[in-house]
């Protein structure tokens, strides 16, 4: 039974003012192929969550100075979309509603079994992998919830077709994508487009995401297709 939890290695941020409890959780999670970084307070948590890409953030609620609810609210305000699991001794439904309302993804009441914590961590990580809310390629970001695009913090506005094209290319990055793959995706419900339509949309997308920046991200490989990213890495399967 334990083997099913020892899957892909994960990186988790533990936010807990009780150092003994945090150490116990960190040591226990190692057995399940889950490595942890540790933040003793909210300030450390906010800093680490912006510096590193964690699979899940686990935060206690009842902490001095900055509680878990505030940490969660601030992380979401900073556009940190990492799944957040709140740990607390509070089991009232009102407390759970408050946690979910500020952006928490799950809630576990103390005391808990380690296997349940591991199962919830794995579940949150898998949901994030399958349905990420944000796509990132270098300094280019797409928020799938708000339908916004930015590069180096600068907003970029796209037509609906260019938006769909960009999302498709970002999901494929850093793989090479052929013109045929693009056309099959964009016009899968409307048949084959006119000859130059795909080329026009690629041109418009390139103008939007590359023209005002020093380093281009959208590259055309003659006779093969396009690549989104700084380097041409591999051909798409």
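The values are calculated or read from the model by the stated rules, or taken from the named source; none is laboratory data. As the structure is a computational prediction, the values presented were derived from the model and not from experiment. For neighbour counting, all protein chains shown are included, and Cβ atoms are generated from backbone atoms with ideal geometry for every residue, glycine included.
Observations, loosely collected:
- The set of residues in the range 16-34 that are in a loop (DSSP other than H, G, I, E, B), under 24 Å from the mean Cα position of the chain (by Cα) and in contact (Cβ under 8 Å) with a residue 40 or more places away in the chain comprises 16, 32.
- Filter result for residue 70 (within 14 Å of residue 99 (Cβ to Cβ) and touching a helix residue (DSSP H, G or I) at 6+ places or on another chain (Cβ under 8 Å)): yes
- All positions within the range 107-150 that are in contact with a strand residue (DSSP E or B) (Cβ under 9 Å, 6 or more places away or on another chain), within 19 Å of residue 68 (Cβ to Cβ) and assigned to a loop (DSSP other than H, G, I, E, B): 110, 112
- Lone qualifier among 122, 129, 134 - being exposed (fewer than 14 other Cβ atoms within 10 Å of the Cβ) and under 28 Å from residue 29 (Cα atoms): 129
- Qualifying residue in the range 20-36 (condition: out of contact with any strand residue (DSSP E or B) (no Cβ under 7 Å at 6 or more places or on another chain), modelled with pLDDT under 90 and more than 30 Å from residue 139 (Cα to Cα)): no
- Any chance residue 119 is assigned by TED's automatic domain parsing to the domain that holds residue 227 and on the phi < 0 side of the Ramachandran plot: no
- Residue within the range 195-209 that is touching a strand residue (DSSP E or B) at 6+ places or on another chain (Cβ under 6 Å) and surrounded by fewer than 16 Cβ atoms within 10 Å (Cβ to Cβ) present: no
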